[in-house]
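Scroll down for the structure; my scribbles are underneath it.
All of the numbers you see were taken from the coordinates with simple rules; none came from a lab. As the structure is a computational prediction, the values presented were derived from the model and not from experiment. We place every Cβ from the backbone using ideal geometry, glycine too, and count neighbours over all the protein chains shown.
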Amino acid sequence: MKQEEVPQDKGNLSNKNMKELVYATDEKGNYTTALSTGWEPKTIALTNSIDEISERIAIAKEQVKNNEVSPICYFMEVSRMDIGVLASYVGMWQWRVKRHFKPKVFAGLSDTILKKYAESFNISIEELKNFKTK
Amino acid sequence: METNFTHHQSAHCENGVASNLLKHNGLNISEPMVFGIGSGLFFVYLPFLKVNYAPAISYRPMPGQIFNKLANRLGLKIKRQKFSSEANAIKALDENLKNNIPSGLQVGVYNLTYFPDEYRFHFNAHNLVVYGKTETDYLISDPVMENVTTLTHDELNKVRFAKGAFAPRGQMYYPIQIPQNVDLKGAIVKGIKNTCRDMLAPMPIIGVRGIRFVAKQIRKWPVKNGTKKANHYLAQMVRMQEEIGTGGGGFRFIYAAFLEEASVILENSELKILSQEMTAIGDLWRDFAVEASRIYKNRSTKEDAYNTIADELLAIADKEEVFFKKLKQAIR
């Protein structure tokens, strides 16, 4: 990549006024560094992932509303986690976390366990318990 | 408390931390040098491991390996500590800062508040340097950022004890011994040999053969998983490839910069030519990213589009195979 080809597209970085450093060649063909504000293919890839997550969150919300899953599942998606990551945060086996996805099991969970989840999601126990799908 | 640490921005976090820490300790070594000697260029495809609901593709070795290999090859000593208790981790870091030792940390990205929200994922192999502490904050030199930044005590604690794959467990590292004279030439040769060995490994999921394997799989994705999932897989692949701290094209350019520097130190003009070839391969990786992004942007349903980029990937693999064979010969 030549120095003048370093992409300066608008994207997620430029919104925060961040620039990343890249290596590129100068007019003599020697390597130097340059700053880039972003690159469209990257922005598209990232947007794609964010959309994917938004979709997952929406589905989870719908499922909580229909009493198919517990709010734990919803907050897991909001926190961009999967079951493996969540299980690791709360220090439980994955099958146990999966069990807590059932609304019936969730209703009977003790505050000690709920606290572990709430802390992992950065919310209060009340928010987790009284989650309302508007 | 503040140590007199100088921040330099870098393209990749682990190289950057290693380079910055060593510069602070009086060993002037550039980011490409760290990357080359530490054999940072790598490729592995792990179809059975899912990251963000897509098969894992890594363009880098395991976290920590670049710095470890660099240290081995240059005869440096690095101290690495992991902690089971958060209190001990804080104590050890504060002790270091008191003794004027800026310390490298492995951290999770999700709670790094200074990152744009879109970049915050549960990715645990990020690296940064802590170089000071105030009443409320830690002073942070994150090598992918232009300038130094801060995290509150609580925030730093959280990123040090992020959970999930590659959980950092408070990992802290810093050089404790740097020899007067380092054998740069020998280290460069060792680093290059290692990279050639990795990229030409006779294993189907590693190096050039790994790239071919992925190309083969890409053809199957839309048929086997449907367009939606295939598009998601592809987007994930490009993200792993071109985002901050990882790299397909970006890594090739750093490696080319390393070869250029190495050609001067080893007085080997062939390496300079190979550096230019590597640059050309890096450009191909970028073309691949552009083509791939077109597919998932237009939600293209043509199976043919997948075949086209698979061909492009195969062409890259062929070029890299020839390249690394030549590189192996060049340093004999």
A:GLU40 versus B:ILE273, label points 7 Å from Cα toward the beta carbon: distance in nm?
3.7 nm
Could you work out the local net charge near B:HIS126, counting Lys and Arg as +1, Asp and Glu as -1, over the other residues with Cβ closer than 10 Å to its Cβ?
-2
In the neighborhood of B:SER10, defined by Cβ-to-Cβ distances under 12 Å, what is the net charge if each Lys or Arg adds +1 and each Asp or Glu adds -1?
-4
Kirkwood Rh and Cα Rg combined as Rg over Rh, evaluated for chain A
1.21
Considering only C-alpha atoms, what is the centroid distance from segment A:37-103 to segment B:175-199, in Å?
43 Å
Which of the residue pairs A:LYS132/B:LYS133; A:LYS61/A:LYS116; A:LYS65/A:LYS115; B:LYS98/B:LYS185; B:LYS158/B:LYS193; A:LYS10/B:LYS98 have a Cα-Cα distance greater than 31 Å in the structure shown?
A:LYS132/B:LYS133; B:LYS98/B:LYS185; B:LYS158/B:LYS193; A:LYS10/B:LYS98
Run the simple label-point estimate for B:LEU49 and B:ASP283 please: 7 Å along Cα→C-beta, distance reported in nm.
3.4 nm
Set of aspartates and glutamates near B:LYS163 by C-alpha distance (under 17 Å), chain-local residues within fewer than 8 positions excluded:
A:GLU77, A:ASP82, A:GLU119, B:GLU86, B:ASP154, B:GLU155
If every Lys and Arg gets +1 and every Asp and Glu gets -1 at its Cβ, then about the Cα centre segment A:19-134 yields a dipole, in debye to the nearest 20, of 720 debye
Mean Kyte hydropathy of -0.5 or more with a Cα span along the axis of at least 30 Å, helices from DSSP in chain A
A:40-65
Out of B:ALA92, B:THR134, B:ASN111, whose Cα points farthest toward the positive end of the dipole of segment B:76-138 (charges: +1 Lys, Arg; -1 Asp, Glu; placed on Cβ)?
B:ALA92
Based on other C-beta atoms within 10 Å, arrange B:ASP311, B:ASP117 from fewest to most.
B:ASP117, B:ASP311
Does chain B classify as rounded, prolate or oblate by the C-alpha gyration tensor (a ≥ b ≥ c root eigenvalues; a/c under 1.5 gives rounded; else a/b over b/c gives prolate, otherwise oblate)?
oblate
Prolate/oblate/rounded label for the protein assembly as shown (Cα gyration tensor, a/c 1.5)
oblate
Just how many pairs of Lys in segment B:223-331 have C-alpha atoms closer than 17 Å, counting pairs that are eight or more places apart or on different chains?
9
When DSSP assigns beta bridges and you keep just the ones with both residues in chain A, what percent turn out antiparallel, to the nearest 5?
75 percent
Magnitude of the charge dipole, segment B:161-241, Cβ model with Lys/Arg +1 and Asp/Glu -1, debye to 20
560 debye
Give the cross-link partners of B:LYS77 among the aspartates and glutamates, using a straight C-alpha distance below 20 Å as the criterion and excluding same-chain residues fewer than 8 apart.
B:GLU14, B:GLU31, B:GLU95, B:ASP183
In a shell of Cβ-Cβ distance under 9 Å around B:GLY191, excluding B:GLY191 itself, what net charge do Lys and Arg (+1) and Asp and Glu (-1) give?
+4
Rounded to the nearest 10 degrees, what's the angle between the helix B:249-265 long axis and the longest principal axis of chain B, both from Cα atoms, 0 to 90?
70 degrees
